[in-house]
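Since the structure comes first, as structure tokens, the remarks are kept for the end.
The values are calculated or read from the model by the stated rules, or taken from the named source; none is laboratory data. Keep in mind the model is a prediction, meaning the values are calculated, not measured. Every residue, glycine among them, receives a Cβ derived from its backbone with ideal geometry; neighbour counts consider all protein chains shown.
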Amino acid sequence: MLKYSILIVAFLCAIQINYAQETSFEKNAQIIAKRIDSITNTEKIQLKSKIKKIDKQLEKNKITEEEAKAKKQEFASYHAQKINEGVAKQEQLMQTLIKNKVNGNLEPDLIEDNNRYKLFKSFSDENYIKDSLTGARIEKRFTTQIVAALGANFPSENGYKNHPIGDGEVGFSFKYRLKETSTLWNLKFGMSVLVKEYKPEQDNFIFVKQNGQTLLQDSGLDLKDAKLTSGYFTLPVHLELDFSKPEYDKDTNQTVLRSQRGFRLGIGGYVGFRYFTQQQIRYNDNGKKVTITERDNFNQNNFVYGPSAYIGYRDVSIYARYDAQSLFKNNTNNLNSLALGLRIDLN
């Protein structure tokens, strides 16, 4: 029995060692591939930027066609050489990696991965790649942001309060640069949880369902507070203009693209569906605080949609969102709302 146990343990150890070798090899190979992509993309972006400047100088007759051609060839040769040098280093690492793999050497530390022991990566780290040659942080074309917004809710009908903190949103967004060499035009889309609150304008009034409609009615109680809260899952989409200028990195002597470093403007809209609605009322009963929460659909429309926009500087902006869909299905008058407030996009 002991003999079989030893054989089983040895077999499992062999599997584990082989798995570790496979994992280490694949991980290191992926890192090398990413570095090669980073080197190639970085040099191509810089070359395109320089060629664009040369073309502008040519259009303004600051240089001749022969000078422009010579400069382009010079820059093309320079960046091609940098690509070849950088890729050659990575190919040498790959050859060493393959050799160790063939010889059965397990070297998980062959390539340094600074994020190996990080449980979580910040969105900031995810939005950049590092130039293997110069060490410059290059912003990706496709980035991610955390979005948080808080503002006032202005109902379109009489009988409802203008709620100063009646609109809130939390979610994340993806931003894609439409031009590789410019941060001006961007497509921004994502997912958010949207919460809206409505309060009766008159004291002691509550929301009541009556004959298929939702009306405001006197509760007969001395209420401290009454509000109707609805939550939505939404999909916002915006066309964003980002007026950030490229930044010069003194350490690496490179000009790199940076978004959300200047004024931004977004125009678009959103669509979503309601996932909960509740009414909460609070009052005192003989000195005792009473809170009643009622979960119901209150004849609300299940879907919400409308236009939205924002304008701001860096990560902070002022937003506006209009609910084109009426809050209630069967009410005589449509109840729409306008939200205005502050929005933060953590890039």
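Is there a residue being surrounded by fewer than 17 Cβ atoms within 10 Å (Cβ to Cβ), in contact with a strand residue (DSSP E or B) (Cβ under 9 Å, 6 or more places away or on another chain), within 30 Å of residue 127 (Cα to Cα) and of a type in the set (A, V, I, L, M) anywhere in the stretch 246-268?
Checking the stretch 246-268: at least one residue is surrounded by fewer than 17 Cβ atoms within 10 Å (Cβ to Cβ), in contact with a strand residue (DSSP E or B) (Cβ under 9 Å, 6 or more places away or on another chain), within 30 Å of residue 127 (Cα to Cα) and of a type in the set (A, V, I, L, M).
Sort out which residues of the stretch 300-333 are closer than 30 Å to residue 213 by Cα and either among the charged types (D, E, K, R) or modelled with pLDDT under 90 (or both), and write them in order of number. I'd like the intermediate steps shown before the answer.
Taking the stretch 300-333 and keeping what is closer than 30 Å to residue 213 by Cα, we get 300-308, 320-333.
Within the stretch 300-333, 321, 323, 329, 330, 331, 332, 333 qualify.
Can you spot a residue in the stretch 71-79 that is exposed (fewer than 15 other Cβ atoms within 10 Å of the Cβ), under 26 Å from residue 138 (Cβ atoms) and modelled with pLDDT under 75? I'd like the intermediate steps shown before the answer.
Here is the first cut: in the stretch 71-79, the ones exposed (fewer than 15 other Cβ atoms within 10 Å of the Cβ) are 73-74, 76-78.
From what is left, the residues that are under 26 Å from residue 138 (Cβ atoms) are 73-74, 76-78.
Right, trim to modelled with pLDDT under 75 and you get none.
The answer is no, given that none of the residues of the stretch 71-79 is exposed (fewer than 15 other Cβ atoms within 10 Å of the Cβ), under 26 Å from residue 138 (Cβ atoms) and modelled with pLDDT under 75.
What residue, among those in the stretch 318-340 that are small (Gly, Ala, Ser) and crowded, with 21+ Cβ neighbours inside 10 Å, is nearest to residue 265 (Cα to Cα)? It would help to see each step written out before you state the result.
Going residue by residue through the stretch 318-340, those that are small (Gly, Ala, Ser) are 320, 324, 326, 337, 339.
With the extra rule that they be crowded, with 21+ Cβ neighbours inside 10 Å, the set shrinks to 337, 339.
Working: 337: 22, 339: 17 Å.
Looking at the filtered set, the residue picked out is 339.
Yes or no, residue by residue, for (1) within 30 Å of residue 260 (Cα to Cα); (2) at pLDDT 90 or above; (3) among the aliphatic types (A, V, I, L, M):
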site: 139; (1), (2), (3): yes, no, no
site: 148; (1), (2), (3): yes, yes, yes
site: 162; (1), (2), (3): no, yes, no
site: 169; (1), (2), (3): yes, yes, no
site: 184; (1), (2), (3): yes, yes, yes
site: 196; (1), (2), (3): yes, yes, no
site: 206; (1), (2), (3): no, no, yes
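Hey, which of the strands (runs of 3 or more DSSP E) in the stretch 191-310, taking only ones fully inside, have at least 2 residues that are over 23 Å from residue 333 (Cβ atoms) and of a type in the set (A, V, I, L, M, F, W, C)? Give the steps one after another, and end with the answer.
Details: elements: 205-210, 213-218, 223-242, 247-249, 254-256, 263-285, 288-295.
Once the strands (runs of 3 or more DSSP E) in the stretch 191-310 are filtered for at least 2 residues that are over 23 Å from residue 333 (Cβ atoms) and of a type in the set (A, V, I, L, M, F, W, C), what remains is 223-242, 263-285, 288-295.
Restricting attention to the stretch 151-201, report how many residues are among the basic types (Lys, Arg) and surrounded by fewer than 15 Cβ atoms within 10 Å (Cβ to Cβ). I'd like the intermediate steps shown before the answer.
Going residue by residue through the stretch 151-201, those that are among the basic types (Lys, Arg) are 161, 175, 177, 179, 188, 196, 199.
From the residues that got through so far, the ones that are surrounded by fewer than 15 Cβ atoms within 10 Å (Cβ to Cβ) too are 179.
Residues in the stretch 151-201 being among the basic types (Lys, Arg) and surrounded by fewer than 15 Cβ atoms within 10 Å (Cβ to Cβ): 1 in total.
If you go through the stretch 197-216 one residue at a time, do you hit one that is in the same structural domain as residue 342 (by TED's automatic domain parsing) and within 29 Å of residue 51 (Cα to Cα)? Spell out the reasoning first.
Just the residues of the stretch 197-216 that are in the same structural domain as residue 342 (by TED's automatic domain parsing), to begin with: 197-216.
Those still in the list that are within 29 Å of residue 51 (Cα to Cα) too: none.
No: the stretch 197-216 contains no residue that is in the same structural domain as residue 342 (by TED's automatic domain parsing) and within 29 Å of residue 51 (Cα to Cα).
Is the stretch 224-231 home to any residue that is out of contact with any strand residue (DSSP E or B) (no Cβ under 6 Å at 6 or more places or on another chain) and of a type in the set (Asp, Glu)? Write out each step before concluding.
Taking the stretch 224-231 as the starting set, the residues that turn out to be out of contact with any strand residue (DSSP E or B) (no Cβ under 6 Å at 6 or more places or on another chain) are none.
No, the stretch 224-231 has no match at all.
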